[in-house]
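Student: Questions regarding the structure given below will be posed in turn.
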Amino acid sequence: MYIIFLGAPGAGKGTQASDVAQELNLIHIASGDLFRQALEQGTELGIKAESYMERGVLVPDQITIGMVLERISAPDCEGGAILDGFPRNLEQAEALDKALAQQSKAIDKVVYIEVSEEELLKRLSGRWICRQCQTPYHITNSPPKVWGKCDKCGGELYQRPDDTVENIRKRLEVYSVETAPLIDYYARVDKLLEIDGEGGVDEVGGRIIAALHGERL
Ligand code: AP5
């Protein structure tokens with residue numbers, strides 16, 4: 001079972017994908033997290049990605065596609081995965097379809113989380129994430145139990161350098177030009193599940209699970 005989580009920056013893809021992956025026993029693959037981990041480790045991939053991420057633009061396809069396809073083909077993804085933040089444009093979507101088809105697999109459903117721009121800005125400007133396990137928190141909506149420490153692994157919380165107002169605006173612009181066309185791409189093949197992303201984390205999560213169960217996944 002392969003599910004894509006699609007939505008604008010700050011829509012709650014990471015928050016929801018992590019919970020749904022646990023509930024459905026799937027591996028959660030977040031392209032942004034893979035880049036940030038590579039950057040923390042100082043790898044060549046991380047260094048290459050950094051200059052794009054700090055400008056709020058997409059990392060080139062020749063770097064991104066190989067990285068994600070390699071992760072999906074690892075043995076732990078045999079039973080399926082949730083892809084969060086990938087694909088991000090038509091080229092990536094086509095490369096993913098092709099790679100899965102070569103293994104007689106396909107994307108089952110695409111969860112599209114819709115949130116107003118005003119709410120996106122509030123969510124991103126108050127976000128803190130764990131340096132170790134990447135779990136996102138929010139200063140008011142979902143604070144950690146102990147300030148500065150991750151509830152799950154005790155890791156240090158920090159604010160992403162690309163969560164500045166200027167960078168968020170750039171990411172939203174990139175999203176509307178490059179990623180939003182994927183909504184039609186997946187609607188045309190009847191894979192799109194449109195989810196209202198406004199409301200509390202549990203409320204939105206309940207809508208996603210109900211929609212996926214409605215699809216008998
Ligand atoms: P990436 O890390 O993928 O960032 P993004 O798409 O901008 O998405 P975010 O992580 O910002 O948001 P999210 O939807 O996961 O929201 P979250 O759950 O954290 O990408 C970063 C960069 O990497 C890109 O700009 C690009 O350079 C590069 N990149 C990554 N993938 C790429 C690709 N495929 N191709 C090329 N380049 C790529 O939630 C946000 C906040 O809201 C949190 O604080 C959370 O606690 C809070 N929150 C969540 N849900 C709710 C709720 N229901 N109510 C209230 N608060 C909530």
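The values are calculated or read from the model by the stated rules, or taken from the named source; none is laboratory data. Keep in mind it's a predicted model, so treat the numbers as computed, not measured. Ideal geometry is used to build each Cβ from the backbone, glycine not excepted, and the neighbour counts take in all protein chains shown. Quick note on the areas: whole protein, heavy atoms, side chains included, nothing else; ligands and nucleic acids left out. Shrake-Rupley method; radii C 1.70, N 1.55, O 1.52, S 1.80 Å.
Student: Can you pull out every residue in segment 175-202 that is aromatic (Phe, Trp, Tyr) and open to solvent by 30 Å² or more (accessible area, probe 1.4 Å)?
Tutor: Once the filter is applied, which keeps residues that are aromatic (Phe, Trp, Tyr) and open to solvent by 30 Å² or more (accessible area, probe 1.4 Å), segment 175-202 yields 175, 185.
Student: Mind checking which residues of segment 120-160 are hydrophobic (A, V, I, L, M, F, W, C) and closer than 26 Å to residue 173 by Cβ?
Tutor: 120, 121, 124, 128, 129, 139, listed by residue number.
Student: Within segment 103-124, can one find any residue that is of a type in the set (S, T, N, Q) and at pLDDT 95 or above?
Tutor: yes
Student: Could you look through segment 150-178, keep only residues that are among the acidic types (Asp, Glu) and either assigned to a loop (DSSP other than H, G, I, E, B) or on the phi > 0 side of the Ramachandran plot (or both), and pick out the one that is farthest from the ligand (Cβ to nearest atom)?
Tutor: Filtering segment 150-178 for residues that are among the acidic types (Asp, Glu) and either assigned to a loop (DSSP other than H, G, I, E, B) or on the phi > 0 side of the Ramachandran plot (or both), the one farthest from the ligand (Cβ to nearest atom) comes out as 151.
Per-residue answers, yes or no, for (1) within 8 Å of the ligand (Cβ to nearest atom); (2) open to solvent by 20 Å² or more (accessible area, probe 1.4 Å); (3) more than 15 Å from the chain's Cα centre (by Cα):
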| position | (1), (2), (3) |
| --- | --- |
| 4 | no, no, no |
| 8 | yes, no, no |
| 14 | yes, yes, no |
| 19 | no, yes, no |
| 29 | no, no, no |
| 41 | no, yes, yes |
| 44 | no, yes, yes |
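Student: How many of the residues making up segment 49-66 are farther than 20 Å from residue 132 by Cα, in a helix (DSSP H, G or I) and within 11 Å of the ligand (Cβ to nearest atom)?
Tutor: Of the residues in that region, 7 qualify.
Student: Taking the conditions exactly as written (assigned to a loop (DSSP other than H, G, I, E, B) and among the aromatic types (Phe, Trp, Tyr)), does residue 147 satisfy them or not?
Tutor: Yes: the conditions hold for residue 147.
Student: Looking for whichever is assigned to a loop (DSSP other than H, G, I, E, B), in contact with a helix residue (DSSP H, G or I) (Cβ under 7 Å, 6 or more places away or on another chain) and either open to solvent by 40 Å² or more (accessible area, probe 1.4 Å) or within 12 Å of the ligand (Cβ to nearest atom) (or both) here; the options are 106, 93. Which one fits?
Tutor: Step by step, each of 106, 93 is checked, and only 106 is assigned to a loop (DSSP other than H, G, I, E, B), in contact with a helix residue (DSSP H, G or I) (Cβ under 7 Å, 6 or more places away or on another chain) and either open to solvent by 40 Å² or more (accessible area, probe 1.4 Å) or within 12 Å of the ligand (Cβ to nearest atom) (or both).
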